[in-house]
Amino acid sequence: MSQLANEPMTNLPKMPNVPNVPMSQIPNPKSQIQNAPLASRPSPLTGKTFAEKALARASGQREVVAGQIVDAAPDVALSHDNTAAIARIFRALGVARVKYPERLAIALDHAVPAPTTQHAQNHAEIRQFVEEQAIENFFDVGRGICHQVVSEQALVLPGQLILGADSHTTHYGWLGAFGAGIGRSEMAAIWATGELWLRVPESIKIIVDGELPRGVTSKDLCLKIIGDLGADGGLYASVEFHGSAISKMSLESRVVIPNMMAEFGVKNAWLPPDDAVFEWLAERQVKRQKAKGKSKSEIENRKSKIRAGALYPDYNATYSAIHRYDASQLEPFVACPHRVDNVKPLSAVRGTRVHQAFIGTCTNGRIEDLAAAAEILRGKKIARGTRLIIIPASSQILSEAMARGYIQTFVEAGAVIGVPGCGPCMGNHLGVPAPGEVTISTANRNFRGRMGTRDSEIYLASPAVVAASAVAGVIAEPREV
């Protein structure tokens, strides 16, 4: 069973008037809606946030307000290696069939290929459950990390609600969707009923103007925000990103932001979907569904349908806080042990000895990230006494990296290439550090023991910084290498 599946959900505080008891003893969610105190109704002149609009749609209501508890039906219910445990809870409920198998997405990604007999048995149980329940959207070992794969498959669209048994389900905010992590019992309830009660979160607006300087990435922006506001600064909030800097970013750069916001404690994170997002999804829908005639008109037709489902906050929506950043003033940052909000400028930690470097994860394992690493590693060698692990986030990314020659560059530099998946991120597969070792990683978490060894240290940085550090053997500026 994956370590990640057992981690406490830091962005899920106890709900008001909801007892902390097993799912089998929780009352009908509709009674919770009736009994829960509603927030004061806004005036007619007050607009709605993205979260209020998304959860109103998911719960079939005309409008909802922050603080209200609603009974929402997710468009997609996601799980991964923890699916076997969820299935046991599901069967304990006395329900034979999943209510909406077409809404389920399951990926094996946390420990792949299976490193132990226990993991192999876990995978076997999941495959059996998938066949029994006729779940079409199943992605076996090697396809990649669940968040990357579900995005590539265009299973999540703007304005939709996706609930996942993984804390980084906030990831789908880059598509303009409401993505939130939930626990195993909650996922079992969704399988059985198709619904789950949720508290409508308050919203935080973050405005990012300007443009990121060369060598500064969206990962640096996220580290800056978390460092400034704290790892619990967005606890159970819906954080919205606005500003010219967001629209200027590549799609792959945008993906990093809602993923990293899970470390800010948020319930969900949202970026405004634009034409680039609509086209990206439309092209993948056409490819996945093997529609006849992959013409420009077909893509445009899909784009129109996808665009129609997008939700945007009103200009006069109410926010609990508003923060503004000038992207042009940012620099490379590093999160130092053992907290993601222990953020320092790269210049302050340069020269720190590095034993292991890791490029991958659902945060920074895409082709843009591998391209940045390849640019630095081309013609160079990993430093003696340092090792570099590179794991593409999906099989599609691995294939493209091979076609572009990046994999050859990595191998020639002395890097180790892993099977698409989570790898050492959660600490139970491929790349666990030794006691006393220092790892610099593109992942999203660095708390003590995160990568499987309590007496080791983890630094978080952008792919370019990680690659440069692997070459130098110490934390280094990419320009120096």
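Annotation note: of Val216, Val255, the sole residue that is outside the structural domain of Ala177 (by TED's automatic domain parsing), closer than 30 Å to Val466 by Cα, out of contact with any strand residue (DSSP E or B) (no Cβ under 8 Å at 6 or more places or on another chain) and in a loop (DSSP other than H, G, I, E, B) is Val216.
Applying the criterion of being surrounded by fewer than 19 Cβ atoms within 10 Å (Cβ to Cβ) and either outside the structural domain of Arg378 (by TED's automatic domain parsing) or assigned to a loop (DSSP other than H, G, I, E, B) (or both) to the residues of region 389-417, the residue that is farthest from the chain's Cα centre (by Cα) is Gly414. Counting only residues that are touching a residue at least 40 places away in the same chain (Cβ under 8 Å), over 14 Å from Asn444 (Cα atoms), among the hydrophobic types (A, V, I, L, M, F, W, C) and crowded, with 21+ Cβ neighbours inside 10 Å, region 242-265 holds 1 of them. The criterion of being in contact (Cβ under 8 Å) with a residue 24 or more places away in the chain and of a type in the set (Gly, Ala, Ser) holds for Ala443. If we keep just the residues of region 338-366 that are within 11 Å of Pro463 (Cβ to Cβ) and hydrophobic (A, V, I, L, M, F, W, C), which is nearest to the chain's Cα centre (by Cα)? Filtering region 338-366 for residues that are within 11 Å of Pro463 (Cβ to Cβ) and hydrophobic (A, V, I, L, M, F, W, C), the one nearest to the chain's Cα centre (by Cα) comes out as Ile359. Restricting attention to region 350-364, does a residue exist that is more than 17 Å from Asn444 (Cβ to Cβ) and among the small types (Gly, Ala, Ser)? Scanning region 350-364, I find at least one residue that is more than 17 Å from Asn444 (Cβ to Cβ) and among the small types (Gly, Ala, Ser), so the answer is yes.
For Gln128, state whether it is over 23 Å from Gly423 (Cα atoms), free of Cβ contacts under 8 Å to residues at least 60 places away in the same chain and outside any loop (DSSP other than H, G, I, E, B). Here the answer is yes, as Gln128 does meet what is asked. Within region 96-107, residues that are of a type in the set (Ser, Thr, Tyr) have Cβ atoms under 6 Å from residues that are assigned to a loop (DSSP other than H, G, I, E, B) and surrounded by fewer than 23 Cβ atoms within 10 Å (Cβ to Cβ) in these pairs: Tyr100/Gly194, counting only partners at least 6 apart in sequence or on another chain. Screening the candidates Glu152, Glu102 for the property of being within 18 Å of the chain's Cα centre (by Cα), among the acidic types (Asp, Glu) and closer than 30 Å to Tyr312 by Cβ yields one hit, Glu152. Scanning region 223-237 for residues that are surrounded by fewer than 24 Cβ atoms within 10 Å (Cβ to Cβ) and either of a type in the set (A, V, I, L, M, F, W, C) or under 16 Å from the mean Cα position of the chain (by Cα) (or both) yields Leu229, Ala231, Leu235, Tyr236.
Evaluating Arg302 against the criteria (1) at pLDDT 95 or above; (2) buried (at least 17 other Cβ atoms within 10 Å of the Cβ); (3) not in a loop (DSSP other than H, G, I, E, B) leaves one unmet condition, (1).
The values are calculated or read from the model by the stated rules, or taken from the named source; none is laboratory data. Everything numeric here is computed off the predicted structure, so don't read it as measured data. With ideal geometry, Cβ positions are generated from the backbone for all residues, glycine too; neighbour counts draw on all protein chains shown.
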